[in-house]
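Undergrad: Here's a structure for you.
The values are calculated or read from the model by the stated rules, or taken from the named source; none is laboratory data. Quantities reported herein were computed from a predicted structural model and do not represent experimental measurements. Positions of Cβ are generated from backbone atoms using ideal geometry, with glycine treated the same way; all protein chains shown enter the neighbour counts. Accessible surface areas use protein heavy atoms only, side chains included; no ligands, DNA or RNA. Shrake-Rupley method; radii C 1.70, N 1.55, O 1.52, S 1.80 Å.
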Amino acid sequence: MTDDLESQPPSSPRSRILDAAAQAFAEHGFEGAGVDDIARRAGVNKAMLYYHVGDKAALYAAVTTDYLGQVKQAIESQLRRADTPVERLRAMQRGFLAVFEARPEFPRLMLREIASGGTHLPAEALAGMAGVMALTRTVVERGQSEGAFRAVDPLLTHLLVVGSALFIVNAQRLRPRLDDAGVLPEGVPNDFLAVADRVADIILYGIAAAPTGGHA
């Protein structure tokens with residue numbers, strides 16, 4: 001895996017190039033983003049861009065694998081502070097939203113990629129996704145073994161966690177218009193950690209009351 005974005009000094013050419021590439025890919029997708037535009041945004045010439053990272057495919061691979069590395073690190077950091085199965089599932093949601101809030105171009109980019117069937121994701125990025133999925137599987141299976149979770153599919157649980165985080169961050173771009181139109185009810189949180197905990201509550205407990213004498 002390439003060095004993650006945060007490991008590069010903010011003013012380094014490579015960091016500027018990857019930031020510019022991430023913005024361009026988020027706005028235009030792989031096909032629509034141009035190397036000339038990325039170089040212009042980064043304030044470098046194409047020769048320097050190719051020297052520090054490579055062609056457009058290499059740029060895309062670096063951006064996606066670096067972001068997935070950041071997601072994995074954020075989740076692992078949250079998990080180290082979680083002691084119970086419920087706290088660990090909350091930690092998953094918080095880890096995703098922490099990165100997505102800090103780098104909102106990433107969820108935009110990933111929704112484009114998901115919609116296209118992962119056409120341009122390199123093998124390294126797929127391996128990064130698998131590593132993050134493995135964290136969810138561990139959390140779910142450990143919770144089941146401790147008697148805190150019922151038997152559920154770890155992959156579907158993962159899709160619920162990451163899917164809600166992807167949509168929530170992207171939906172924030174619509175929020176100003178919804179606020180102006182007065183269609184949002186009072187009490188809708190704007191803080192991502194509060195949102196993460198509320199979504200985790202729904203994933204953990206659902207919305208239906210347990211039948212009398214039955215199980216949720």
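Undergrad: Please enumerate the residues belonging to the stretch 53-65 that are of a type outside the set (Val, Ile, Thr) and either in a loop (DSSP other than H, G, I, E, B) or at pLDDT below 95 (or both).
TA: From the stretch 53-65, those of a type outside the set (Val, Ile, Thr) are 54-62; that's our starting set.
Passing the criteria: Gly54, Asp55.
Undergrad: Here is a follow-up. Any chance the stretch 54-73 includes a residue that's open to solvent by 70 Å² or more (accessible area, probe 1.4 Å), closer than 16 Å to Arg16 by Cβ and free of Cβ contacts under 8 Å to residues at least 12 places away in the same chain?
TA: no
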